[in-house]
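Novice: First the structure, which I've put down as structure tokens, then a few questions once you've had a look.
No value in this document is a laboratory result; all are computed from the given coordinates. Everything numeric in this text was worked out from a predicted model, so none of it was measured. Here Cβ is always computed from backbone atoms with ideal geometry, including for glycine, and neighbour counts include all displayed protein chains.
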Amino acid sequence: MSFRPDQSPASEILLPNRPVRSSIVAITDKIYIKNHRQLVSQLERSFPKSAFAGATLDVLFNGESLANLDDATQDRVLDFAEDFMDCDCESAPHCGHPEEKFVSYLLELRAAGLGPDAIVDVMGDDYMLYAYPGDVLSFLDNSVRTLEAIESLADVDGEREIAKQAQNRREQLL
Ligand SMILES: [Zn+2]
């Protein structure tokens, strides 16, 4: 079962709002590499366990590193790179887009009806990543509260269309 992201992130209404975005993107600090010890030994290089740490992204996503990984791991790392690190920014992979795309991926899984435990299972299958279900749950709760706030603000401002969009997004996450 795979839920690799498509091009229509459920989070697009969440992300343009910078202060909100920074609190939500913090979930990406809590995404870890499942087989970290194995990777360190295959690459003969140490790097943080956190998947989105700058040093991890640097080590994992150069061709020389990849060649030293076993096939199964290489496939997952390539999928991750393809799905989350495909932008052309000069500062990539440190441009914030990989984190944004990962947040979209989590919201897609939720919109598909998965709970925190199932989301953690799927990210393990898709990319050999894990998180604590409690952290995923807080992230989803925060996302719903954020959408509620957007909805109320838009209502007050008479922005019917935005309020409606926020409401639809929120309902997808419940
Ligand atoms: Zn970018």
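Novice: Could you pull out the residue among Leu78, Leu114 that is outside any loop (DSSP other than H, G, I, E, B) and not hydroxyl-bearing (Ser, Thr, Tyr)?
Specialist: Values: Leu114 fails: outside any loop (DSSP other than H, G, I, E, B).
Among Leu78, Leu114, only Leu78 is outside any loop (DSSP other than H, G, I, E, B) and not hydroxyl-bearing (Ser, Thr, Tyr).
Novice: Taking Ser152, is it farther than 19 Å from Phe61 by Cβ and surrounded by 13 or more Cβ atoms within 10 Å (Cβ to Cβ)?
Specialist: no
Novice: Turning to a different aspect of this structure: Would you tally the residues in the range 77-113 being among the hydrophobic types (A, V, I, L, M, F, W, C), under 17 Å from Ile27 (Cβ atoms) and near the ligand (Cβ under 9 Å from one of its atoms)?
Specialist: 0
Novice: Exactly one condition in (1) assigned to a loop (DSSP other than H, G, I, E, B); (2) buried (at least 20 other Cβ atoms within 10 Å of the Cβ) is not met by Pro98; state its number.
Specialist: So Pro98 meets the others, but not (1).
Novice: Could you look through the range 123-149, keep only residues that are among the acidic types (Asp, Glu) and within 17 Å of Glu99 (Cα to Cα), and pick out the one that is surrounded by the most Cβ atoms within 10 Å (Cβ to Cβ)?
Specialist: Ranking the qualifying residues of the range 123-149, first place goes to Asp126.
Novice: Among the residues of the range 64-81, is any under 18 Å from Ile33 (Cβ atoms) and in contact with a Gly (Cβ under 8 Å, 6 or more places away or on another chain)?
Specialist: no
Novice: Here's something else I'd like to know. Mind checking which residues of the range 155-172 are in a helix (DSSP H, G or I) and surrounded by fewer than 17 Cβ atoms within 10 Å (Cβ to Cβ)?
Specialist: If the condition is that a residue be in a helix (DSSP H, G or I) and surrounded by fewer than 17 Cβ atoms within 10 Å (Cβ to Cβ), then Asp155, Val156, Arg160, Glu161, Ile162, Lys164, Gln167, Asn168, Glu171, Gln172 are the ones that fit.
Novice: Among the residues of the range 39-62, is any more than 18 Å from the chain's Cα centre (by Cα), charged (D, E, K, R) and more than 14 Å from the ligand (Cβ to nearest atom)?
Specialist: Our first condition is that a residue be more than 18 Å from the chain's Cα centre (by Cα); within the range 39-62, this holds for 39-47, 59, 62.
Filter once more, keeping what is charged (D, E, K, R): 44-45.
Next, from what is left, pick out any that are more than 14 Å from the ligand (Cβ to nearest atom): 44-45.
Yes, the conditions are met somewhere in the range 39-62.
Novice: Does Ala118 meet the test of being more than 16 Å from the ligand (Cβ to nearest atom) and either of a type outside the set (D, E, K, R) or buried (at least 19 other Cβ atoms within 10 Å of the Cβ) (or both)?
Specialist: Here the answer is yes, as Ala118 does meet what is asked.
Novice: Related question: Pull out all pairs, ordered by first then second residue, where Cβ-Cβ is under 8 Å, the residues are six or more apart or on different chains, the first lies in the range 91-117 and is farther than 15 Å from Gln172 by Cα, and the second is charged (D, E, K, R) and outside any loop (DSSP other than H, G, I, E, B).
Specialist: Pro93/Asp58; Glu100/Arg21; Lys101/Asp83
Novice: Still on this structure, I have one more. Select from the range 63-79 the residues that are of a type in the set (D, E, K, R) and within 21 Å of the chain's Cα centre (by Cα) and write down the one among them that is nearest to Cys95 (Cα to Cα).
Specialist: My answer is Asp79.
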